[in-house]
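The values are calculated or read from the model by the stated rules, or taken from the named source; none is laboratory data. All values reported here derive from a predicted model rather than from experimental measurement. Cβ sites come from the backbone with ideal geometry, for glycine too, and all protein chains shown count toward neighbours. When the accessible area is computed, the model is the full protein with side chains, heavy atoms only, and any ligands, DNA or RNA have been set aside. Shrake-Rupley method; radii C 1.70, N 1.55, O 1.52, S 1.80 Å.
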Amino acid sequence: MGTNNGLPKLELAFKGLGVTAIKRGEKGYAVLILEDDTEGEPKKKYATISDFTSEEQAKFKAENIEYIKDALEGTPLALYVFKLGAEGVLADLLNKIKGIIPRNSWIGTSSATAKNHTDLATFIKGENKNNKKRYKAIVYKATTPDDMHIVNQTNTKVVFPDERGEKEGNAAIPYLIGYYAGLSMMMSGIAKPLKFKSVTEPEEIETAISNGEHILFNDEGLVKVARAVNSLVTLGQDVIEDMTHINTVEKMDLMFCDILNAWENNYKGKYPNILDNQMLLISAINGYFKTVSRDYILDPNFDNKSQVDIEAQKLANYPKYGEEAVKAWDDSYAMKMTVGTKVFLKGNIKITGIMEDFFFDIFM
């Protein structure tokens, strides 16, 4: 016989996610796709450089061994590595990969083939839109990707501090994948110097950044990220300038995955769709918002909250009750009129940015 221990576990699930949000946000997963026909199937996932043993290295050509080491320098939570043979098709490999890697991963390829970067960008857009993934990619000189989950790296040359010397710009991607996957959510990409000795900068850095390009620049002997932005340039309703910042999108994705995972594991399909149960879900989500605001993922000075989306619920009731009748409902009654299996919620939150710009006027 079952117990009466029902919905409180949902609240505990959200509370646990909120408490550990910073810890999870300290590191993410990196996924590196390498063009390699060397015999041998790689281990697939390396937690640290110690996992990348001589036995594993024997499965890759020399150039790719260095790329894997580059990615591991950023100390991601784990590095997934996949090989694309000369006759392989990236789209086929990506379809295989998505059944293996975590929902929220950084993906990139060292490929010098422009089509591979375009195909990766297309894959990211499709999976995030259609399958509730939160993949992010770093691509090389893609044509107008214009997406908050795609970082468009465009420096034409990078110089490594080792025997590799000067390389084409796509060679930077393995390192950058590991760098961003291993970067704390409490920091911006501009905060740390990178491993490169120097880079070739675009003629107009400001223009490139405003066009959604991710630019590295030479800063008094160090190489740094000029501005930690993704490729999003088209703004509009519900798409704001804050979303052009990599750090903001990282926080958005963390919360999206937390809430979705808690819903799927603790709530979905388990309780009647009535207002009382929806309010318990809302209470749990709002408790989660309070917890992550204490860690400054959300602004603690803002009233971060979720609630029933009354307008959406009314609209969904039109076919059954008629538009005229539904429009006459007051909000309290409309909230009670749940619709089949659908739960209509909305939220209003303020994600914290990272201090990057400094304005200081002195008057005498």
**Asked** Residues of the range 215-233 being open to solvent by less than 10 Å² (accessible area, probe 1.4 Å) and in a loop (DSSP other than H, G, I, E, B), which ones?
**Response** Ile215, Ala228, Asn230, Ser231
**Prompt:** On the given criteria, is Ala114 in contact with a strand residue (DSSP E or B) (Cβ under 9 Å, 6 or more places away or on another chain), touching a residue at least 12 places away in the same chain (Cβ under 8 Å), of a type in the set (Gly, Ala, Ser) and within 19 Å of Ile209 (Cβ to Cβ)?
**Reply:** no
**Message:** For a quick check of your reading: which helices (runs of 4 or more DSSP H) sit entirely within the range 75-192 and have at least 3 residues that are farther than 29 Å from Thr352 by Cβ?
**Reply:** 90-97, 114-130
**Message:** Condition first: surrounded by fewer than 20 Cβ atoms within 10 Å (Cβ to Cβ), within 23 Å of Gly28 (Cβ to Cβ) and in contact (Cβ under 8 Å) with a residue 40 or more places away in the chain. Now tell me which residues in the range 192-214 satisfy that.
**Reply:** Lys195
**Message:** I need every pair where a residue in the range 30-47 that is polar (S, T, N, Q) has its Cβ under 6 Å from the Cβ of a residue that is modelled with pLDDT of 95 or more and surrounded by fewer than 19 Cβ atoms within 10 Å (Cβ to Cβ), sequence separation at least 6 or different chains.
**Reply:** Thr38/Lys59; Thr38/Lys61
**Item:** Restricting the range 75-108 to residues that are open to solvent by 30 Å² or more (accessible area, probe 1.4 Å) and of a type in the set (A, V, I, L, M), the residue that is farthest from the chain's Cα centre (by Cα)
**Value:** Ala86
**Asked** Restricting attention to the range 265-276, and to residues there that are polar (S, T, N, Q) and at pLDDT below 90, which single residue is farthest from Ser184 (Cα to Cα)?
**Response** Asn266
**Asked** Taking the range 142-162 on its own, how many of its residues are under 21 Å from Ser210 (Cα atoms) and surrounded by 16 or more Cβ atoms within 10 Å (Cβ to Cβ)?
**Response** 12
**Prompt:** For the range 341-352, which residues satisfy the criterion of being part of a loop (DSSP other than H, G, I, E, B) and open to solvent by 60 Å² or more (accessible area, probe 1.4 Å)?
**Reply:** Thr341, Ile349, Lys350
**Request:** State the number of residues belonging to the range 305-364 that are of a type outside the set (Val, Ile, Thr), more than 30 Å from His245 (Cα to Cα) and touching a residue at least 24 places away in the same chain (Cβ under 8 Å).
**Result:** 8
**Message:** Name the single residue that is nearest to the chain's Cα centre (by Cα) among those in the range 163-180 being touching a residue at least 24 places away in the same chain (Cβ under 8 Å) and open to solvent by 10 Å² or more (accessible area, probe 1.4 Å).
**Reply:** Tyr179
**Asked** Residues in the range 148-162: is at least one more than 20 Å from the chain's Cα centre (by Cα) and among the charged types (D, E, K, R)?
**Response** yes
